[in-house]
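Read the structure below first, then the notes.
The values are calculated or read from the model by the stated rules, or taken from the named source; none is laboratory data. Model, not experiment: these values are computed from the prediction. Here Cβ is always computed from backbone atoms with ideal geometry, including for glycine, and neighbour counts include all displayed protein chains. Protein only, heavy atoms only, side chains kept; ligands, DNA and RNA dropped before computing areas. Shrake-Rupley method; radii C 1.70, N 1.55, O 1.52, S 1.80 Å.
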Amino acid sequence: MSYLQIIIMLLCLIQSVLASDLKKDSLELRLENLSNHEKVDTALSLANMNIDDSPEKAIEYCIRALELATRLNYKHGEGLAAFYLGKCYLKSDKFDEALKYNNVALQIFEERDNDTMMAQTEIEAGLINFMKPNIEQAVGHFSRAKDLYSQQNDSVGISVAFYNLGRCYRKTSRLDLAMENSLKSLSFHEQNNHNALNIISIIYAINKDMDKALEYQEMALKIREKLELKDEIIGSLNNLGLISIRSNKLDKGLEYLLRSAKIAEDLGKKSQLNRTLNNIGFLYGDYFNDHENALKYYKKSLKVSKEINDKFESSNTYINIGILQSKLRVYDSALFNFEKGLNLAKEIKANEFIKNAYISISQHYERAGDYRLALDNYKSFMAIKDSIFNKESENKITEMQIKYESEKKEKENEIYRLQIEKHNLQKNRLYLGLILFFLIVIVIYFRYIMKSKSNKLLMKEIQEREKIEDALRAANDDLNAFSYSVSHDLRAPLRAIDGFSKMILESHSSEIDPEVQRLLHLIPENVKKMNTLISDLLSFSKIGRKNANLTKIDMSNMVNSICNELVPEAEKGKIQLNVMQLPHSYGDPSLIHQVWINLISNAIKYSSGKPISIIHIGIQENAKEQIYFVRDNGVGFDMKYANQLFKVFQRLHNEKEFEGTGVGLAIVHKIIQKHGGKIWVEAEKNKGATFYFTIPIIK
């Protein structure tokens, strides 16, 4: 290309930008001199022109148009303003706001029987739910859009709807349906249909056909670069990076991913940047064994995920971090991240990530030497794997691709094919009917056989589980009885030891060597400690046998009363207690009282070395449970020892530093378990600790 051609191209580009800006300026100047209805339409035109480059400015025009249209009862303008507001907020990753205005637009267009705008609004509603992500609702919106476009014979609209259905099924790992809808999208509108090509490429990559995946993704990228679709170019570069990695072209893969990340960052596309950062972390961790860089990119990805509430990528990132930490044998942190990733994946029904989480957890337990849990998680992995992708779905995807290619050829030879079909139609129908009949008989027979076997295995498993539960219950009863007996039987000899030592001191103190006197004085102190230990053990034993009698508890009153008991008036200047307003709860008052006493007294004890002890007591609520917490600024501890805290006689600090028997937190743990809740701790050495416990909400 000559310098003259380059200069001409630049001049044309500048002219088009100036023309666009002049058009916007012209409309803004006209806005104040128009009638009210024309003002609404002009404001909406300005909004539409600014959606891609300046969503905030577009929102201002939309709100202006919406307020004026509502005042004039101009329903069409009101609906369009709400529709464009939904698009603007979607561009800004504000999905709840987008959904609110999209619902307003849907209602208005439905009342006015405007099928054209109804179809477009259903597509936008599907995109919003896809990003939240709420895949089931997204599928419903795209399906309704497809039906509306079908009624209007709009092949481009039908193609868009099928493409988005393919995206939804890809995200939930229903790969046969993803391929089916993507091919339908291509069949309705093949020219420049880069989106469908992209989905088909991803499915081939999952099916490990990297040559096909590369072919379709390069076709998609070529179209996107030709149309200058920067958002879509980011996605194609990201996908080409992953395909290159799986083809063992690691440097090429890294080059694609870094290009994708730079474009996404420059354009402020956080959702796409998030996905690319996660993939770069995956490449560094799994292929380059550069754990430091891997963790750096994963943390960047998590930060972006939190900013845009992207649960899909958060789930994937937590699982990847868990894999990395498991390899480094940081087992507790790895398991924590696996569980966070798995829970998020289950919440958004991302089967691919659920599968990855289970196999990673299985491998994690295998490294840790817990083969039973490794096997349990491997079974879960196999179950989800079979539901996502088995030989049947692989064959179906191959069949659909063959069908699509053959349909293209059939269009060229349609007349000849129709003549052949006319001669053989009746014969084929007969054969097909017979084949279907025998297939149905075979399927019914095998289902009956499999169901019978399944029922037998299920009954056997239930019986074995009941035996195990009975044995466990009996062992627990024996353990509680033993603890109770030991606690009582030890008190008598202790009293005797205490009494005899005091008698010796009183009767023969003048005759005894000073060192012996010192040792005799230590006996009552140690007897007292032993009595405290026995009392705690007895309390632990009693809780094991006591049933929780659930009644309504005024938590605020209970906690404030305990705080007044534990903090003498003279020490209130040194201890700062911050207690939130706590809602009522349901539980056993005496047991919950014991929980609060143990946790608050521990917070006071372990923060006593600070100039001012600062203790926060509060609650976090969700739909299923109340999450209470006690936070202090005390000595804290290393989190790798956190699991030991709730076991009997386990202490993390020397008795000379902080007195105690190591039974208090075990009692708390058992009480919370009796209430159907959970207890855990978060801490950092010399920076304090936060104990959390949950109580289920009873409606």
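Answer yes or no: is there a residue in the range 39-62 that is among the acidic types (D, E), within 34 Å of the chain's Cα centre (by Cα) and open to solvent by less than 60 Å² (accessible area, probe 1.4 Å).
No.
Can we say K306 is open to solvent by 40 Å² or more (accessible area, probe 1.4 Å) and under 14 Å from the mean Cα position of the chain (by Cα)?
yes
Which ones in the range 569-585 are modelled with pLDDT under 90 and under 33 Å from the mean Cα position of the chain (by Cα)?
Passing the criteria: none in range.
What is the number of the single condition among (1) under 26 Å from K610 (Cβ atoms); (2) at pLDDT 85 or above that T551 does not meet?
If we test T551 against (1) under 26 Å from K610 (Cβ atoms); (2) at pLDDT 85 or above, just (1) comes out false.
Condition first: more than 22 Å from N134 (Cβ to Cβ) and under 27 Å from the mean Cα position of the chain (by Cα). Can you find one or more residues in the range 207-214 that meet it?
yes
Between a first residue in the range 312-328 that is over 16 Å from Y287 (Cβ atoms) and touching a residue at least 60 places away in the same chain (Cβ under 8 Å) and a second residue that is among the hydrophobic types (A, V, I, L, M, F, W, C) and open to solvent by less than 10 Å² (accessible area, probe 1.4 Å), which pairs have beta carbons less than 9 Å apart while being 6 or more apart in sequence or on different chains?
So the pair list comes out as F312/A345; F312/A350.
Going through the range 148-195 one residue at a time, which ones are in a loop (DSSP other than H, G, I, E, B) and either within 26 Å of I348 (Cα to Cα) or without any contact (Cβ under 8 Å) to a residue 24 or more places away in the chain (or both)?
N153, T172, S173, R174, E190, Q191, listed by residue number.
For the range 199-246, what are the residues that are crowded, with 20+ Cβ neighbours inside 10 Å, of a type in the set (S, T, N, Q) and within 21 Å of L177 (Cα to Cα)?
Once the filter is applied, which keeps residues that are crowded, with 20+ Cβ neighbours inside 10 Å, of a type in the set (S, T, N, Q) and within 21 Å of L177 (Cα to Cα), the range 199-246 yields S201, Q217, N239.
Suppose we filter S360, S393, S380 for residues that are of a type in the set (S, T, N, Q), at pLDDT below 80 and open to solvent by less than 80 Å² (accessible area, probe 1.4 Å); which single one remains?
The unique qualifying residue is S393.
Only one residue in E190, E180 is at pLDDT below 80 and out of contact with any Ser or Thr (no Cβ under 8 Å at 6 or more places or on another chain), so which one is that?
None of the other options fit; the residue is E190.
Please list, ordered by first then second residue, the pairs with beta carbon atoms under 6 Å, 6 or more apart or interchain, first in the range 535-563 and under 17 Å from K674 (Cβ atoms), second at pLDDT 65 or above and part of a loop (DSSP other than H, G, I, E, B).
Once the first residue is under 17 Å from K674 (Cβ atoms) and sits in the range 535-563, its partners that are at pLDDT 65 or above and part of a loop (DSSP other than H, G, I, E, B) give F540/V663; A548/D588; A548/H675; N549/D588.
If L34 passes every condition in (1) farther than 24 Å from A264 by Cα; (2) at pLDDT below 85; (3) in a helix (DSSP H, G or I) but one, which one does it miss?
(3)
Which numbered condition in (1) under 20 Å from G268 (Cβ atoms); (2) among the small types (G, A, S); (3) modelled with pLDDT of 80 or more is the only one that S54 fails?
Unmet condition: (3).
In the range 256-285, what residues are open to solvent by less than 70 Å² (accessible area, probe 1.4 Å), within 11 Å of L237 (Cβ to Cβ) and not aliphatic (A, V, I, L, M)?
Once the filter is applied, which keeps residues that are open to solvent by less than 70 Å² (accessible area, probe 1.4 Å), within 11 Å of L237 (Cβ to Cβ) and not aliphatic (A, V, I, L, M), the range 256-285 yields Y256, S260, Q272, T276, N279.
I'd like to check something: does the range 225-246 contain any residue that is within 30 Å of S54 (Cα to Cα), under 25 Å from the mean Cα position of the chain (by Cα) and among the β-branched types (V, I, T)?
Checked the range 225-246: at least one residue is within 30 Å of S54 (Cα to Cα), under 25 Å from the mean Cα position of the chain (by Cα) and among the β-branched types (V, I, T).
Being under 14 Å from I619 (Cα atoms) and outside any helix (DSSP H, G or I) is the filter; apply it to the range 554-582 and report the residue that is most open to solvent (accessible area, probe 1.4 Å).
Result: Q581.
Mind checking which pairs have a first residue in the range 55-76 that is at positive phi and a second that is not aromatic (F, W, Y), Cβ under 6 Å, 6 or more apart or different chains?
Going by the 6 Å Cβ cut-off, there are no qualifying pairs.
Please indicate, with yes or no, whether at least one residue in the range 424-437 is farther than 30 Å from S187 by Cα, modelled with pLDDT of 75 or more, open to solvent by 90 Å² or more (accessible area, probe 1.4 Å) and of a type in the set (A, V, I, L, M, F, W, C).
Yes, the range 424-437 has at least one match.
Considering only residues that are surrounded by fewer than 23 Cβ atoms within 10 Å (Cβ to Cβ) and either closer than 22 Å to D176 by Cα or more than 12 Å from the chain's Cα centre (by Cα) (or both), which ones fall in the range 331-352?
Y331, D332, S333, L335, F336, K346, I348, K349, N351, E352
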